[in-house]
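Enquirer: I am attaching a structure below and will ask some questions about it afterwards.
Every read-out reported here was derived from the displayed coordinates using simple, explicitly stated rules and does not represent laboratory data. The structure presented is a predicted model; accordingly, all values stated were derived computationally and were not measured. Counting neighbours? That spans all protein chains shown, and the Cβs are built from the backbone with ideal geometry, glycine included.
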Amino acid sequence: MSKKRKRKRYRPHGCDKHHLLFYRSEWSKGYNLLLRRAFIYEIPITVHQALHSSVGKVPPLDEQEGKMLWELYKQLDHELSLFEALDWLQLNAPNAEFAIAIMAQRGFLKNNLEG
């Protein structure tokens, strides 16, 4: 049997993939995994490393919260930019802890990407 080789997606030089919903071990099942995979953005490596050093993790959602957020996400009819995604996640946050973690990320990225 042969395995198909996956093609690497083009990644701009000096950039990393950042999952807005991190860490992998906590966002690895059910609706949380679907959500984690839906919110991936390219950011500069240095910003990515600094973000994970400076900003706390995003607390995982329980099954009901994850399902609710996933159902809302599926209703979107367009792809979200990085800051649109952060705003959307905060606006639709199923709990206060989640909203605070997303706001912290947004603040860090706004200061380090747009400044």
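Enquirer: With the alpha-carbon atoms as the only input, what is the per residue convex hull volume for the stretch 15-58 in Å³?
Expert: Cα-based convex hull of the stretch 15-58, divided per residue, equals 56 Å³.
Enquirer: If the only charges are +1 at each Lys and Arg Cβ and -1 at each Asp and Glu Cβ, what is the size of the charge dipole of the chain around the Cα centre, to the nearest 20 debye?
Expert: Dipole about the Cα centre, nearest 20: 1040 debye.
Enquirer: Please identify the longest segment of the chain free of exposed GluC sites (Glu not before Pro), where exposed means a DSSP state other than H, G, I, E or B and no more than 13 other Cβ atoms within 10 Å.
Expert: In short, 1-78.
Enquirer: For a quick size check, give me the Cα extents of the stretch 15-113 along its three principal axes, largest first, whole Å.
Expert: 35, 28, 22 Å, listed from the longest principal axis down.
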